[in-house]
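Working notes, beginning with the structure itself.
Just so it is clear, none of the values below were taken in a lab; they were calculated from the coordinates. Given the structure is predicted, the values throughout are model-derived calculations rather than measurements. We place every Cβ from the backbone using ideal geometry, glycine too, and count neighbours over all the protein chains shown.
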Amino acid sequence: MTRPEILWYVIPREGAYPWEPAGRRRVDLAYLQQLGVAADRAGFDGALFATDLYDVWPLASALAAVTGPRFKPLLAVHPGLVSPTQLAKQALTFAHLFGPDRLRFNVVNGSTEQLRQAGLQLDHDERYELSAEYWSLVKRLTAGEVFDHHGRFYELTSAGANLRELAPIQGGKHTPLWFGGSSAPGIELAAEHVDVYLTWGEPPGPLKEKLDRVRGRAAAHGRQLRLGLRLHLIVRDTEAEAWAAADRLLDVTSPQTYARMLGDPDTREGEGWARQFRQHGGRVPAKARELETYPNLWPGMSLFRPGPGTAVVGSTAQVVERLREFRRLGIDTFILSGNPLLEESYRIAETILPALRE
Ligand SMILES: Cc1cc2nc3c(=O)[nH]c(=O)nc-3n(C[C@H](O)[C@H](O)[C@H](O)COP(=O)(O)O)c2cc1C
């Protein structure tokens, strides 16, 4: 097996339990740069910058300025909010200022409600059509092509002409595309256009079935994808301590947060979300372990935080064993997190990373 790529996670609103005001640290640039430097020095290969209240570009730029060339930011971007030409210009500017081969895009399909606010009146499946056209244009532009294009969503004339002086820094290679989506059009987009297919955590059985489908569709397009898994880790010296930490997360969550997360239609879109919801059925347990779907796998995080909701909970040896089990399914990339992000970047780097990289 090749050495896995292991990323950490950066988000401005963070802390011990950032979904509650009491568990959140003040948003502060110096702190966030400290977090980037910590993840870099601890040995992570980069970090995912997810969409959130704050825009990813200024944040990732500020962290790229204080981290080394090995530390690669993965920026979540909705297709269609800026033109493909503008996004390519931003990517190439980033490459000139912070070094080539650092930036990657995480393609986000997004939620219908949120995107309507931005003027994008497309439903889930249509957004994947836009996505396919948009990202194939961004790939050609960041690789330095100059071309005309007549498509369903875009009409471009001499696209890339304004990037001629910027593009050679990437040596003809496009900015890599990573992507997570579990619906049929999502898997088709991945098979045809992206470089790394990402998924939230699931028990090995259903995960293998999905990864086989992704590999099969990619092969039908004559392509092979890297496969990545996004997981939250709750690692302690003993199993009992780890589950006690998971219990505490349930205890500190307010009834309002549970009600919002389980009732808010904005958080309920997409096949990925549905697969995650089915793992806990919307039930808040008295003890975290009641929701253990497979040894050490806990889908309970999605009861209180949006997005990825599966944690691996256990002692160091147990968490390493679970991650190795995912490696054997073909996972070659991990995006990990733990709260607070600063302290947990060190704990996880010191306990888990050496064994996972063996
Ligand atoms: C690893 C990973 C990271 C994601 N990051 C974001 C994000 O930053 N912002 C967002 O809105 N959605 C994010 N998503 C969610 C997908 O974009 C979302 O599920 C999409 O709507 C796919 O829908 P589908 O599962 O129905 O294909 C992420 C998904 C995965 C697997």
Other-chain or far-sequence residues with amide H under 5 Å of Gly181's (modelled H): Leu198
Using a cut-off of 14 Å between beta-carbons, work out the net charge of the residues near Asp45 (Lys and Arg +1, Asp and Glu -1, Asp45 not included). +4
Segment 132-180: C-alpha pair distances exceeding 17 Å, %: 33 percent
For segment 226-267, the Cα-Cα pair-distance distribution in 5 Å bins from 0, as whole percents, is 5, 18, 15, 16, 19, 15, 9, 3
Put in order of increasing Cβ neighbours within 10 Å, starting from the fewest, Tyr17, Tyr346 give Tyr346, Tyr17
Helix-only [θ]222 nm of the chain, DSSP H runs n ≥ 4, -39500 (n - 2.57) each, per residue, nearest 500: -13000 deg cm²/dmol
Under a Cβ-Cβ cut-off of 13 Å, what is the net charge of the residues other than Asp148 that fall near it, where Lys and Arg count +1 and Asp and Glu count -1? -1
Shape category assigned to segment 77-157 from the gyration tensor of Cα positions, a/c cut at 1.5: oblate
Overall Cα dimensions of the chain, principal axis frame, Å, largest first: 61, 41, 39
Could you give the spread of the C-alpha atoms of segment 7-47 along their three principal axes, from largest to smallest, in whole angstroms? 30, 18, 12
Can you classify segment 210-279 as rounded, prolate or oblate using the Cα gyration tensor, where a ≥ b ≥ c are the square roots of its eigenvalues, rounded means a/c under 1.5, and otherwise it's prolate if a/b beats b/c and oblate if not? oblate
Would you mind counting up the charge near Gly23? Only other residues with Cβ under 12 Å from its Cβ, with Lys and Arg at +1 and Asp and Glu at -1. +2
For segment 29-175, what does the alpha-carbon gyration tensor say about shape, rounded, prolate or oblate, given a ≥ b ≥ c as the root eigenvalues, a/c under 1.5 as rounded, and a/b over b/c as prolate? oblate
How big is the convex hull of the Cα atoms of segment 137-289, per residue, in Å³? 192 Å³
For the peptides 60-67, 198-205, 167-174, what is the packing order when you average, over each peptide's residues, the other Cβ atoms within 10 Å and list the highest mean first? 198-205, 60-67, 167-174
Full extension between Arg41 and Tyr258 adds, at 0.36 nm per residue less the Cα distance, a length in nm of 74.5 nm
Just the Kirkwood number for segment 125-210, please: inverse of mean 1/r across all distinct Cα pairs, in Å, one decimal. 14.5 Å
Checked against the positive end of the charge dipole of the chain (+1 on Cβ of Lys and Arg, -1 on Cβ of Asp and Glu, about the Cα centre), the farthest of Leu207, Leu59, Phe304 is Leu207
Here the equivalent ellipsoid of segment 18-106, derived from its Cα gyration tensor, has semi-axes (largest first, whole Å) of 22, 18, 10
Among Thr351, Gly282, Leu7, the residue whose Cα sits farthest towards the positive end of the charge dipole of the chain (+1 at Cβ of Lys and Arg, -1 at Cβ of Asp and Glu, taken about the Cα centre) is Thr351
Measuring from centroid to centroid over Cα atoms, what is the spacing of segment 250-329 and segment 1-49 in Å? 20 Å
Trypsin sites (Lys or Arg not before Pro) within segment 278-358: which are DSSP loop residues with at most 15 other Cβ atoms inside 10 Å? Arg283, Lys287
